[in-house]
Amino acid sequence: GSAALATGAIAQEANLVIDGEIEIVTRAPAPDHMENVSEIVSGWEYRSPETQAVQMDDFENPGMIGVDNARADFSAAMGPDGQSCAACHDNPESLEGARAVYPKWDETKGEVQTLEMQVNECVTERAGAEAWNYTGTRMTEMIALISSVSRGLPVNVAIDGPAQPTWEQGKEIYYTRYGQLELACANCHEDNYDNMIRADHLSQGQINGFPTYRLKNGKLNAVHNRFKGCVRDTRAQTFAPGSPEFVALELYVASRGNGLSVEGPSVRN
Amino acid sequence: MSRQFTLAVTVVLISTTVQAEVAPQEVAYGEYGAIDTSLSGAPGDPASGAEIMANRGQGNCVACHAVGALDEVPFHGEVGPPLDGVADRWSEAELRGIVANAKMTFPGTIMPAFYKTTGFIRPGDGFSGKAGTEPLEPLLTAQQIEDVVSYLMTLHEN
């Protein structure tokens, strides 16, 4: 983003404050790598005042029930040695900051890992238990917990170094016009954000608020399931949650939100 | 009209329709994207066209376009320009070309091609998310396109 635009955006007061405490940056200057957008905006800004209000109070936010479930799960024994997340990570707060920098390059594996992949690495390789379903309730609630302890921190995923080829792949997917409707992510979320598409107020399709509790389906929604839904809506063959394509897309879309606050679990319609 | 007679007329209509229909792959677009003759070989029905434009499962044109004359239909989109007065801006042949494949008139447009069946990236089987096999069914049939075009031709600036 240009410097002139940046000052205007920074000077703004926080619109979203959770529990009167956690200040969430919902508008920020676009990161330098974004060519066609000068300001990045959280999806929260495009929701109705009623929906917005639900996210401002953790007692009202139904996504926090999932967070509580995961908090209990954090110390539950699993695997042959009765390992638990807590055995290695003390408490969820010790994972503060992780959400903000994932997806992230993993040196040992030689690949970009999402937070879900990291958790499953711990579940299978460290605790010796069976992998959790990538977008299942247990996983999504655990991701919501890990997000919740990072709320207010700026999203800051790395796109250079060894992660760069994956980032480039994600960018290409973002601009590819898939399906019989020949629509790319960019057609809706870059060219038309803030416009109505039938009854939907289009946002920038940011993922800083994931997992999102959607009033429409009454549950926490994993980011790859949202991607899947948007691709399906172009009458295209989707990619699978956890696939290399969606991992790359997640890194790219996350990087479009560098500078917004971690917001998950957010509330959307 | 006797019942038998109606039936006979319908049969005749169907058979002429089938003969004159232009398949999606065979449409001749003009230099600027217009299509001169009816795709179905028959005239369009504007009332049916209005319905197709509003229906989510069919054209769903109001997802992107506001249409003043359809204001009883809820939630018109803003992705495309309002279609009021479109009959004053375009000829019937041009409108037919825009509805069949708007990319021939507006290169790179976001507007989907409603009478195109091949050449997609990862084409799906409808909205199932599963792979589809080309040629796909077009989004609208030849006759539905004619119906929509005949409705668009009624949209004059008052």
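Mean partner shielding of peptide A:186-195, defined as the number of other chain Cβ atoms within 10 Å of each residue Cβ, is 2.
Dividing the radius of gyration of the alpha carbons in the range A:66-106 by their Kirkwood radius gives 1.03 for Rg/Rh.
In summary, the lysines within cross-link reach of A:Lys104, defined as a Cα separation below 28 angstrom excluding same-chain residues under 8 places away, comprise A:Lys171, A:Lys219, A:Lys228. For A:Val247, neighbours were defined as the other residues whose beta-carbon sits under 10 Å from its Cβ, and their charges (Lys and Arg +1, Asp and Glu -1) total -4.
Shape class for the range A:32-110, computed from the alpha carbon gyration tensor (a ≥ b ≥ c): oblate, with a/c not under 1.5 and a/b at or below b/c. When peptides A:112-122, A:130-140 are ranked by their average number of other Cβ atoms within 10 Å per residue, the highest-first order is A:112-122, A:130-140. Computed from label points 7 Å out along Cα-Cβ, the spacing between A:Asn15 and A:Ala76 is 3.8 nm. Annotation for the range A:207-269: trypsin sites (Lys or Arg not before Pro) lying in DSSP loop with at most 15 further Cβ atoms inside 10 Å of their Cβ are A:Lys216.
What net charge is computed for the residues neighbouring B:Ala93, neighbours being all others with C-beta under 14 Å from the C-beta of B:Ala93, Lys and Arg scored +1, Asp and Glu -1? Local net charge: -3. Mean residue ellipticity at 222 nm, helices only, the protein assembly as shown: -9500 deg cm²/dmol; runs of at least 4 DSSP H residues each add -39,500 (n - 2.57), and the sum is divided by the number of residues.
Here the peptides B:137-150, A:45-58 are ranked by packing, the mean other Cβ count within 10 Å, and the order with the highest first is B:137-150, A:45-58.
Per 0.36 nm of contour for each residue apart, how much would the distance between A:Glu125 and A:His33 grow if the chain were fully extended, relative to their Cα-Cα spacing?
29.6 nm
Relative contact order for chain A: 26 percent, from Cα pairs under 8 Å spaced at least 6 residues apart, divided by residue count. Taking each residue as 0.36 nm, the span from A:Asp57 to A:Ser243 lengthens on full extension beyond its C-alpha to C-alpha distance by 63.5 nm. Rounded to the nearest 20 debye, the dipole size of the range B:13-158 about its Cα centre is 540 debye, using +1 on the Cβ of Lys and Arg and -1 on the Cβ of Asp and Glu. Dividing the mean sequence gap of close Cα pairs (under 8 Å, 6+ apart) by how many residues chain B holds gives a relative contact order of 31 percent. Residues B:Lys103, B:Lys130, ranked from the fewest to the most other C-beta atoms within 10 Å, line up as B:Lys130, B:Lys103.
For the range B:33-158, the normalised intensity computed at q = 0.10 Å⁻¹ comes to -0.30 (log10 of I(q)/I(0), Debye sum over alpha carbons, equal scatterers, no solvent).
Sorted ascending by nearby beta carbons within 10 Å, beginning with the fewest, A:Val267, A:Val262, B:Val27 become B:Val27, A:Val267, A:Val262.
Spacing of the modelled spin labels on A:Glu107 and B:Thr109, each 7 Å from Cα toward Cβ, amounts to 5.4 nm. Evaluated with a Cβ-only charge set (Lys, Arg +1; Asp, Glu -1), the range A:185-269 carries a dipole of roughly 400 debye about its Cα centre, given to the nearest 20. Taking a sphere under 12 Å around the Cβ of B:Ser48 and counting the other residues whose Cβ falls inside, with K and R at +1 and D and E at -1, yields a net charge of -4.
The slack in the chain from A:Ser48 to A:His89, taken as 0.36 nm per residue of separation less the alpha-carbon distance, amounts to 11.0 nm.
Comparing B:Phe106, B:Phe114, B:Phe127, which has the greatest mean-square fluctuation in the GNM of chain B with Cα pairs linked when under 10 Å apart? Looking only at B:Phe106, B:Phe114, B:Phe127, the biggest GNM fluctuation is shown by B:Phe127. A dipole drawn for the protein assembly as shown from +1 and -1 charges on Cβ atoms has a positive end, and of A:Tyr252, A:Asn195, B:Asn101 the residue lying farthest that way is B:Asn101. Per residue, the average separation of C-alpha pairs within less than 8 Å and at least 6 apart gives the range A:212-269 a relative contact order of 48 percent. In whole percents, the pair-distance distribution calculated for the protein assembly as shown from its alpha-carbon pairs, binned every 20 Å from zero, is 23, 47, 24, 6, 0.
All of the numbers you see were taken from the coordinates with simple rules; none came from a lab. From a predicted model like this one, the values you see are computed outputs, not experimental measurements. Cβ: placed from backbone, ideal geometry, glycine included. Neighbour counts: every protein chain shown.
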